[in-house]
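Written below as structure tokens is the structure these notes are about.
The values are calculated or read from the model by the stated rules, or taken from the named source; none is laboratory data. Because the structure is a prediction, the values reported are computed rather than measured. Because the Cβ atoms are built from the backbone with ideal geometry, glycine has one as well, and the counts that use them run over all protein chains shown. Note: areas computed on protein heavy atoms with side chains; ligands, DNA, RNA excluded. Shrake-Rupley method; radii C 1.70, N 1.55, O 1.52, S 1.80 Å.
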Amino acid sequence: MIRYLVRKLPSVVLVLLVTSVIAFSLPRLVPGDPAALLAGPDASPQTIAAIRAELGLDQPYVTQYLHWMQGLFTGDLGTSLQYRRPVSELIGDRIGSTLELAVLAGLLLVVAGIGLGVAAGSSNRRWSRFLTEGTNTTMLAMPPFLAGLLLILVFGVALPVLPISGEVSVLSDPVIGIQYLILPAIALALPMAAGIARLVQTQMRSVQQEDFVDLATAKGVPSGRIYRRHVLRNSLGPAVVAIGIRFGDLLAGAVVIEAIFARNGIGQLAVTSAQASDYAVIQVVIVGTVFVAVMAQLLTEITLAALDPRIRLA
Amino acid sequence: MSATSAPARRATKDVRRAPRFPTLHRYLMVLKSGRGITALVLLGTLVALALLAPALFPGGYDEQSSGALAGPSAAHWLGTDEFGRDILVRTIYGLRTDLTLIITAVPVSLAIGTLLGLTGYLNGRLGLFVQRALDIVLGIPGLLLGIMIVLVIGAGWFALFSAIVIAGLPQFGRLARAGLLTQQDREYAVASRTLGVPRRTVMVRHILPNVVDPLLVTAAIYTVAAIFIEASLSIVGLGINPPQPSLGALLNTGARYVQTLPTYVIGPGVVLLLLALAFTLLSDALNKAANRR
Amino acid sequence: MSQTRLAPVSRALVGIAALVLAGGSLTACASAVQQEASGGSGECVDGGTLTIANAQAPIPERVLAQGAANQWWARGVFEPLAYGTAEDPTALDLVLASDISLSDDDLTAVITLNEGVTFSTGRDMTADDVVWTFETAASETSPSDVKAILATWDIEKTGDLEVTITGQNPLTPVLASTLDLTPIVDSETYDGLLDGSQMIGTGPYVVSDYTAGAGITLERRDDYWGEEPSLATVQVDTIADSTAQISALRSGSTAIASGLTIQDATTLVDGDDSFSLSSGADAVFPLVIDTTKGAGADVKVRQAIAMAIDRDRINEQVFSGLGDTDGLYWSPSSPDYPTDQAGFTYDPDAASALVKEAGAEGETVTITYLNIPTLAAEYQIIANNLEAIGLTVKATPLAGPDFQARAAEQAAGNYLILRGSNGGTAFMLQTNADLRLAGAHRVFDTPEYEKLVNAVIAAGEDSAEATAALTEYMNEQAFLDVLVTAPFPSVVDSSVQGIAYSLGGTNYYDACVTQ
């Protein structure tokens, strides 16, 4: 496995390097000037120019890029143009919130996705199949923000048992914190869980038709054992892949969910920074999320190998 | 990667009663399944509504009046919006916007993505490079990417179109590449090459048809994602330019009146759900068709 | 219908809210919040926490400027020499100053400072701090909205607690607003404002916690030089999304929601007796027309546009009827307000005749606007109105950095914007980017306009005639259509009492929360 990772290293580095170029240029392609925003709605061109110079935005792009890269390698992520605070601090203040949400949503995603998928894949009665598949299809067609809006309506008006706004860190107060986390996590996870469930179900059905299942049945292996040892194990591969890919989507979904549940997370930071042309923040967020995605993909491949001995990491 | 929908073994398919358009025929057969029919009926109805909108509501989507935010009535089944416009009319025109958007953007994304994925056939290194580039696009959170694209291009229809096209490239590219990698070492491909059949012919005759199945299924799934992209960007205020309605833009405004005029959210919400549902069911049916042996 | 929504007292406060603080004793100004319909006003508690949800994150770097970002905390920490008043933009309510005397020619003001004023670091505030603050506010990189006026002033220390201002134009029409918008900052820690690491003022509160982009918390200062306020803690959370703000308010996790659109705010109040609307300074919403390119280059088309827009409907449907449609940029409380020129003509038939006459039928008018819900809503009605007179209308909604960069370069074309109604006519003419002569965002510029503007500024207190002449010229040229002047109401829970507004933001001298 170590050898596998070492072999992968150059391509990972290359990907991150290219990403940094994209992350640097994309926000700067957006027309507009962050200095104009800082200068205020009534500002004159002179004020804007002076603030541009102060922010170092009047320097050539290559210089700015090299300066940023130099900072990255020395552990300095840069300084937000909008808040004049270290980007590391802005992210540090919010990473906990987003991680809590992503972890709980990720757990829900795995449990609900695989659970629902297995239920649908193993139900043979017509009505139960209809029910599980109906639920699943509806969830698939439900965008996260609509799910969130619905949850807010239900729990904000009809059944006020869970908080619908704000957040408390789970680390500082687990009991309260988790309550604040439940609704956003559900809204974030459920629509995606449906996708996972769909995969597991399809896969289970096709595995059930494989010869080795027939063989095991013919040998008189109990059906429960067939399910656990053969069908399930052979069906989860694609689900793992999908969950790995979906981790990035969790972050993306967090943008909207954080907004409507008033959570101050990375997603919110990304959106406000993008709209304020806060280059320093967006470029770090983009490189960071691509980094996470690359790591998640590596992990997925390793997990896949563990699940299926036929796959060799080479 | 393409484990979800293993390419069908069409090459070894029996040829006794082959219809004239085998692929089309196979899809038509499977669309006769329960899901397929539901999807087609649903989609047909929605498309018909959208097409007929100008005939049904010749006044267009911007007929403003002083009667703002009125509740449902015989004249306005879903009530009127903040400018006194009929919400039902706007919902149907919004559906039209969404349909136009996905019907143009998803195929373009599919085509470009597939071509990018197949570049590996021309040159192995190029293919690998494109693959890595697409991985990067996939790594950027979708909505953030969408926001950046809209900001670069400037809010409006074309920005939404571009966001949908670009966000879909990695999925189509990956699938096409995976299909290419499995197909190009198959006996028939190797044999054709050995026999001196031109590369282009091998590609068009043998490789492309075999990646079509998973691509079509993914296109249907991605259409649902495209509807969500439109809606999410509208939620952050970067959707279609007013006064043209879209389902996402209607939901965004409607959400504010959820207490006083619930039909403002329910109308577009239900239509959006139905539209997404139609494509979800369609992808199921297509998937079944693709996996039919 | 507006009476039930926005209490009469708060209408009076609109413009410049009043606060009287003379000789260290606080005189309460009427609260904009207490008119809750349900009664239910409890006893004020000493101490207590006021929680506010604001759509915009604090930007400490901009405390010398007006803006929604710092509206709910800056005046708790930073105090100006004097506040303006709602009734009269030329009257002063003294805070850090104990006396302001003007010379007969109205060109010199001698300002005496209160004794015993200290910054929260413990240091005494002196005339040096005042001079330093005004010079900093006038500097090139400063975000101050009044720097155009400060640039024409000569500010001198004439005693330990005395400052003398000498202006090139009469001071009375501009003094109150300018002082109100220039809070005194601490020269020793001013750099700390850049990143918010140190925020030191003379006010009754100190910043106890600040998380960039997420919120700010103020605690009562124990060595405040004046009378200690009742509220112990003011916590401002940044909640940008309107759904989330409404949820926060409904669930009781916040007592004030600020930054909702007027429609959201009125909808919320209509459905619930425990909330009321409250607002500070009005905003003016103009449509500024590019007179150099496109259809707007023809004065006939501009006049047609002015007549085509149904401002009453904009007021009703975008501003819930809370605004005024007097069609004038000037504040009605300004002494030179041209009452007989107030009002507007809505005549689509005459407008389309004018468009035909100009041969501009079917010509495209592109309207640029800052992409916020209120302006997008305004645009929809305007576009509908202009299409009705035979023009083709296109939207260019832009994000903040793009819009503001274009506007400053005079490259925004025809644009929709909102500006604070911050003072008298002369004040607006010198500071407002749509009106001022130097560094304006509007493109229109003629010697005639320049002459008329300068006449108003030079006229001092007797500017009624000059203002009328200017207004007439502006209406004739029709390069600027003032659509609506409207408040920016926040939604306030009935447990909150006594918050007061000034141009620079909310203050809490007399605020409290009930149980």
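List of remarks:
- Condition check for A:A242: in a helix (DSSP H, G or I) and facing chain B (nearest Cβ under 10 Å): yes
- Unique residue being within 14 Å of chain A (Cβ to nearest Cβ), surrounded by fewer than 16 Cβ atoms within 10 Å (Cβ to Cβ) and either farther than 28 Å from B:F172 by Cα or at pLDDT 70 or above (or both) when the list is B:G71, B:G44, B:G34, B:G60: B:G34
- Only a single criterion out of (1) open to solvent by 10 Å² or more (accessible area, probe 1.4 Å); (2) out of contact with any Pro (no Cβ under 7 Å at 6 or more places or on another chain); (3) within 9 Å of chain A (Cβ to nearest Cβ) is not satisfied by B:F228, namely (2).
- Every residue from the stretch C:186-235 that is of a type outside the set (F, W, Y), assigned to a loop (DSSP other than H, G, I, E, B) and closer than 24 Å to A:G78 by Cβ: C:D191, C:G196, C:S197, C:Q198, C:M199, C:A212, C:G213, C:A214
- The number of residues in the stretch B:198-225 being polar (S, T, N, Q) and either touching a Cys at 6+ places or on another chain (Cβ under 7 Å) or buried (at least 24 other Cβ atoms within 10 Å of the Cβ) (or both) comes to 2.
- In the stretch C:196-206, the residues that are within 14 Å of chain A (Cβ to nearest Cβ) and either within 11 Å of C:G76 (Cβ to Cβ) or under 24 Å from the mean Cα position of the chain (by Cα) (or both): C:G196, C:M199
- Of all residues in the stretch C:391-405, those that are free of Cβ contacts under 8 Å to residues at least 60 places away in the same chain and closer than 16 Å to C:A376 by Cα have Cβ atoms under 8 Å from Cβ atoms of residues that are part of a helix (DSSP H, G or I) and among the charged types (D, E, K, R), 6 or more apart or on another chain, in C:V393/C:E387; C:L398/C:R406.
- Hey, A:P27 farther than 22 Å from B:I147 by Cα and not aliphatic (A, V, I, L, M) or not: no
- C:T152, sole failed condition from (1) over 20 Å from C:S502 (Cα atoms); (2) surrounded by 24 or more Cβ atoms within 10 Å (Cβ to Cβ): (2)
- Qualifying residue in the stretch B:166-174 (condition: closer than 30 Å to C:K394 by Cβ, open to solvent by 40 Å² or more (accessible area, probe 1.4 Å), of a type outside the set (V, I, T) and within 28 Å of the chain's Cα centre (by Cα)): no
- Among the residues listed as C:D93, C:D180, C:D104, the single one being of a type in the set (D, E) and farther than 25 Å from C:N432 by Cα: C:D104
- Look at (1) within 25 Å of C:S103 (Cα to Cα); (2) modelled with pLDDT of 95 or more; (3) open to solvent by less than 20 Å² (accessible area, probe 1.4 Å); (4) touching a strand residue (DSSP E or B) at 6+ places or on another chain (Cβ under 9 Å) and you find that C:Y205 fails only one, number (1).
- Number of positions in the stretch A:172-204 that are over 30 Å from A:A259 (Cα atoms) and out of contact with any helix residue (DSSP H, G or I) (no Cβ under 6 Å at 6 or more places or on another chain): 1
- The stretch C:180-195, residues that are buried (at least 17 other Cβ atoms within 10 Å of the Cβ), within 23 Å of the chain's Cα centre (by Cα) and more than 18 Å from C:A82 (Cα to Cα): C:L193
- Residue in the stretch C:391-404 that is basic (K, R) and either touching a His at 6+ places or on another chain (Cβ under 9 Å) or under 20 Å from C:A68 (Cα atoms) (or both) present: no
- Taking each residue of the stretch A:121-145 that is crowded, with 20+ Cβ neighbours inside 10 Å and looking for partners that are not in a helix (DSSP H, G or I) with beta-carbon atoms closer than 7 Å, six or more apart or interchain, yields A:T132/A:S123.
- Residue satisfying all of: in the stretch B:175-190; part of a helix (DSSP H, G or I) and either among the polar types (S, T, N, Q) or under 21 Å from A:R28 (Cα atoms) (or both); least open to solvent (accessible area, probe 1.4 Å) among these: B:Q183
- Taken as a whole, the stretch A:57-64 holds at least one residue that is surrounded by fewer than 23 Cβ atoms within 10 Å (Cβ to Cβ) and within 14 Å of chain C (Cβ to nearest Cβ).
- Residue ID - surrounded by the fewest Cβ atoms within 10 Å (Cβ to Cβ), chosen from residues in the stretch C:430-461 that are farther than 18 Å from C:T292 by Cβ and free of Cβ contacts under 8 Å to residues at least 24 places away in the same chain: C:K451
- Every condition in (1) open to solvent by 30 Å² or more (accessible area, probe 1.4 Å); (2) within 11 Å of chain A (Cβ to nearest Cβ) is met by B:S283 except one, and the failing one is (1).
- Qualifying residue in the stretch C:394-410 (condition: farther than 19 Å from B:G156 by Cα, more than 7 Å from every other protein chain (Cβ to nearest Cβ) and open to solvent by 10 Å² or more (accessible area, probe 1.4 Å)): yes
- Residue within the stretch B:150-162 that is at the interface with chain A (Cβ under 10 Å from one of its Cβ atoms), farther than 20 Å from A:V255 by Cβ, open to solvent by 20 Å² or more (accessible area, probe 1.4 Å) and assigned to a helix (DSSP H, G or I) present: no
- All positions within the stretch A:167-203 that are hydroxyl-bearing (S, T, Y), away from chain B (no Cβ under 12 Å) and either assigned to a helix (DSSP H, G or I) or open to solvent by less than 40 Å² (accessible area, probe 1.4 Å) (or both): A:Y180
- Top-ranked residue in the stretch B:254-274 [being open to solvent by less than 40 Å² (accessible area, probe 1.4 Å) and more than 8 Å from every other protein chain (Cβ to nearest Cβ); ranked as nearest to C:P397 (Cα to Cα)]: B:G254
- Hits in the stretch C:94-145 - residues which are touching a strand residue (DSSP E or B) at 6+ places or on another chain (Cβ under 8 Å), under 18 Å from C:D191 (Cα atoms) and either outside any loop (DSSP other than H, G, I, E, B) or open to solvent by less than 10 Å² (accessible area, probe 1.4 Å) (or both): C:M125, C:D128, C:V130, C:V131, C:F134, C:E135
- Residues of the stretch A:1-17 that are within 21 Å of the chain's Cα centre (by Cα) and within 8 Å of chain B (Cβ to nearest Cβ): A:V15 alone.
- Residue in the stretch A:43-55 that is open to solvent by 30 Å² or more (accessible area, probe 1.4 Å) and more than 9 Å from chain C (Cβ to nearest Cβ) present: yes
- Every listed requirement among (1) crowded, with 22+ Cβ neighbours inside 10 Å; (2) within 13 Å of chain B (Cβ to nearest Cβ); (3) among the small types (G, A, S) is met by A:A105 save one, (2).
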